[in-house]
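A.B. asks: Submitted below is the structure of interest, expressed as structure tokens.
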Amino acid sequence: MGILRGIESNIKDIDGSIDLEEPIRQSLDIILTGFHRPVFAPRSIDENTHAMVKVIESGKVHVVTHPGNNAFPIHIEEVVKTAARENVALEINNSSFLFSRKDSYPNCCKIAELAKKFDAPISVGSDAHNAWDLGKFDKAVALISQYDFPAERIINNTTGSLFNYLKTKGIDIQDQFEW
């Protein structure tokens with residue numbers, strides 16, 4: 001058993017900057033980022049898309065969190081194509097179908113459909129906002145199952161698939177988990 005050092009950072013502006021200083025970024029194994037109020041207020045679909053594309057192209061993040069969030073509309077196809085080209089995973093998580101992001105389901109369906117079409121990686125998560133939802137992926141798994149999403153494109157399908165994905169990003173941590 002081991003623990004990855006990671007963070008869910010915030011997209012700060014339309015240029016795709018994140019709120020993570022370089023020395024801290026260098027010390028982490030995995031970096032996720034997404035839109036979060038109040039750091040980034042919802043903007044136009046073009047501005048939101050520009051910010052997300054820029055952060056994907058920055059080379060500083062591995063996973064974009066809850067890109068289907070209806071509060072931050074994006075041009076989904078443009079984001080998915082960019083994620084495929086840059087090998088950055090797009091997250092589909094259970095919390096996107098509950099609470100504040102419950103209207104995200106159609107967007108998440110489109111992301112899964114286009115990620116399969118354009119061979120973009122995805123990440124499946126709980127995005128638990130409380131202890132009892134930690135590790136619950138049932139709704140996210142059900143969604144991607146509808147699209148017969150290839151298991152090899154789910155970066156965290158297995159421990160090995162996550163290690164292999166991180167290795168493509170220059171992060172080789174598997175030896176830290178072998179005893």
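A.B. asks: Filter the stretch 165-179 down to the residues that are more than 13 Å from ALA89 (Cα to Cα) and not hydrophobic (A, V, I, L, M, F, W, C), then identify the one that is modelled with the highest pLDDT.
C.D. replies: Result: LYS167.
Conditions (1) in contact with a helix residue (DSSP H, G or I) (Cβ under 9 Å, 6 or more places away or on another chain); (2) over 27 Å from PHE163 (Cα atoms), marked per residue:
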{"residue": "SER27", "(1), (2)": "no, no"}
{"residue": "HIS36", "(1), (2)": "no, yes"}
{"residue": "ALA51", "(1), (2)": "no, yes"}
{"residue": "LYS60", "(1), (2)": "yes, no"}
{"residue": "VAL63", "(1), (2)": "no, no"}
{"residue": "ALA71", "(1), (2)": "yes, yes"}
{"residue": "VAL79", "(1), (2)": "yes, no"}
{"residue": "THR82", "(1), (2)": "yes, no"}
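A.B. asks: Among the residues of the stretch 58-108, write down those that are closer than 13 Å to ALA140 by Cα, at pLDDT below 95 and among the hydrophobic types (A, V, I, L, M, F, W, C).
C.D. replies: ILE92, PHE97, LEU98, CYS108
A.B. asks: Let me ask something else. State yes or no: is ALA120 within 13 Å of the chain's Cα centre (by Cα), among the small types (Gly, Ala, Ser) and part of a loop (DSSP other than H, G, I, E, B)?
C.D. replies: Spelling it out, ALA120 is indeed within 13 Å of the chain's Cα centre (by Cα), among the small types (Gly, Ala, Ser) and part of a loop (DSSP other than H, G, I, E, B).
A.B. asks: Going through the stretch 25-44 one residue at a time, which ones are at pLDDT below 95 and outside any loop (DSSP other than H, G, I, E, B)?
C.D. replies: The answer is ARG25, GLN26.
A.B. asks: Now a separate question. Return the only residue of VAL61, VAL55, VAL79 being part of a loop (DSSP other than H, G, I, E, B), β-branched (Val, Ile, Thr) and in contact with a strand residue (DSSP E or B) (Cβ under 8 Å, 6 or more places away or on another chain).
C.D. replies: The conditions single out VAL61.
A.B. asks: Taking the stated definitions as given, is ARG5 in contact (Cβ under 8 Å) with a residue 24 or more places away in the chain and closer than 29 Å to THR159 by Cβ?
C.D. replies: Answer is yes for this residue.
A.B. asks: If a residue must be over 18 Å from PRO67 (Cα atoms) and part of a helix (DSSP H, G or I), how many such residues does the stretch 143-167 contain?
C.D. replies: 13
A.B. asks: Restricting to the stretch 76-117, name every residue that is touching an Asp or Glu at 6+ places or on another chain (Cβ under 8 Å) and closer than 20 Å to SER58 by Cα.
C.D. replies: Passing the criteria: THR82, ALA84, GLU86, GLU91.
A.B. asks: Now for a different question. From the residues in the stretch 1-52 that are basic (Lys, Arg) and under 27 Å from GLN176 (Cβ atoms), which one is surrounded by the fewest Cβ atoms within 10 Å (Cβ to Cβ)?
C.D. replies: ARG5
A.B. asks: Return only the number of the condition from (1) in contact (Cβ under 8 Å) with a residue 60 or more places away in the chain; (2) farther than 22 Å from SER161 by Cβ that PRO42 does not satisfy.
C.D. replies: In the conditions (1) in contact (Cβ under 8 Å) with a residue 60 or more places away in the chain; (2) farther than 22 Å from SER161 by Cβ, PRO42 misses (1) alone.
A.B. asks: Output the residues belonging to the stretch 168-179 that are touching a residue at least 60 places away in the same chain (Cβ under 8 Å), out of contact with any helix residue (DSSP H, G or I) (no Cβ under 8 Å at 6 or more places or on another chain) and in a helix (DSSP H, G or I).
C.D. replies: THR168, GLN176
The values are calculated or read from the model by the stated rules, or taken from the named source; none is laboratory data. Being a predicted model, the structure only gives us computed values, none of them experimental. Counting neighbours? That spans all protein chains shown, and the Cβs are built from the backbone with ideal geometry, glycine included.
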